[in-house]
Each structure stands twice: as structure tokens, then as C-alpha cells.
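Okay, so here's the structure we're looking at.
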Amino acid sequence: DQQVKQNSPSLSVQEGRISILNCDYTNSMFDYFLWYKKYPAEGPTFLISISSIKDKNEDGRFTVFLNKSAKHLSLHIVPSQPGDSAVYFCAATQGGSEKLVFGKGTKLTVNP
Amino acid sequence: KAGVTQTPRYLIKTRGQQVTLSCSPISGHRSVSWYQQTPGQGLQFLFEYFSETQRNKGNFPGRFSGRQFSNSRSEMNVSTLELGDSALYLCASSTLEGGTGELFFGEGSRLTVL
């Protein structure tokens, strides 16, 4: 049973445009949601997070939106840059644990 | 500030052998967790340790075990290796006792089982 799902394995956008990565979850007990970025041959890098009591969190070019009623979150990158090309993982956790449940990732390619 | 260090970075074992992977967290981080990454299953949680105590364990067989030392360094062990254990094993550390999931990952140990 996959509690966190990223239904798009890949996404390609033009430099300067918006990238929107989507994630769905099934467990309503999750209280933190996170996005990680991973380059080849490196470990995942934390990007941005959002608490379940909020519906939006912004950090520079990155914004995460949370829709609890739909059990859906999205990551917006504006403007997209070629250096953003990586695999993006959505993750969730509950109850103060460091146990993260990850989606299977979306490979973002930003074309110059 | 040094990041999370994992050793060895690459290793090849044969079925039936055992393996021990090591992780040194960022200085000052007391929480260490381990994840397995495979193409089919993605990133899956193995264990979480805080102050030498296992706080959480993922859905893996008993062949997978771990521990944390008083200096926060951690090891994981896989006994009686199977082909399906071939994966990237990632260690992560955090400074938070109550997690919000902001983990710092190492580069991983890539295990190949032949």
C-alpha cells in the first residue's frame, strides 16, 4: 500500500517557466510534508517542508501548497532553471518521527 | 561543517554473506536514520535511532539490524544477503529530537549482491 504517490515519473519544462510537481497521500495522520531533491550519485537534499496546519509555504523560488481535503500537495518552482534538473521526492511523516514515507520521485528536466 | 559520512561507498558481496555499513552523522546530530533505495520500491525506511535507542523500525526482515553508539555514529548490518538486497543504503541525521523530517542525507553505500 503506497501511502505517498507521485504519479508523474518525469516532467520536462523550459527554462524560465513554472515547474509543478504533484504528490498525493492517503494517510490523514501525516503532520509534516517535505520535498527532497536528488542529483545522481548524491544523497537527497532537503528542499522545503510544510506543516499540516498550513496550506502554503514559500522559500525563494520554491512554494509548496497543501490541500488537506484532497490529500494533495504540490511543489511550484518559479522560474525554473537548468540547475533544478533532478529527481524530486515528496515525503511525509507523523508524530514527531524521523520515519519518512517517500513517493517514488519525479524526474524534472529543465531545458535551456 | 562536515556532512554525513557513509562508508564504504561501494561494495560487492555474494549471496549468503553479511555486510556492515557505517554512518557518521553531522557533528551535534543525535538522530540517525537509515533508508534503502531500489529502482522498484523507491526510498524505504529501515531504522531510526536517537541516543543509542531504536525509536522506529521499518517493515524489513530480521536480517536487517542496526545500532547507534554513544558518539551518535551508527552501523547497520544485513546478514544472509539475498540478491534483492542490492540497493543504495542511505543514512541521514538530524538535530531534532521531535522530527519534522528535515534530514541530512549522506551519499549512500551502494551494495551489489551477486
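Here, each number is a calculation from the coordinates, and none is a lab measurement. Computed from a prediction, not measured in an experiment: that's the story for all the values here. Cβ placement follows ideal geometry from the backbone for every residue including glycine, while neighbour counts extend to all protein chains displayed.
May I ask you to say which residue of B:52, B:75 is surrounded by fewer than 21 Cβ atoms within 10 Å (Cβ to Cβ) and over 24 Å from residue A:95 (Cβ atoms)? Selected residue: B:75, the only one of B:52, B:75 that is surrounded by fewer than 21 Cβ atoms within 10 Å (Cβ to Cβ) and over 24 Å from residue A:95 (Cβ atoms). The strands (runs of 3 or more DSSP E) falling completely within chain A that include 3 or more residues that are within 14 Å of chain B (Cβ to nearest Cβ) and among the hydroxyl-bearing types (Ser, Thr, Tyr) map to A:45-51. Checked against (1) surrounded by 15 or more Cβ atoms within 10 Å (Cβ to Cβ); (2) closer than 25 Å to residue A:6 by Cβ, residue B:30 meets all criteria but (2). Just so you know, in the range B:19-54 the residues that are β-branched (Val, Ile, Thr) and under 15 Å from residue B:105 (Cβ atoms) include one that is nearest to the other protein chains (Cβ to nearest Cβ), and it is B:32.
Residue-level check: of (1) touching a residue at least 12 places away in the same chain (Cβ under 8 Å); (2) facing chain A (nearest Cβ under 9 Å); (3) in contact with a Phe, Trp or Tyr (Cβ under 6 Å, 6 or more places away or on another chain), residue B:102 misses just (1).
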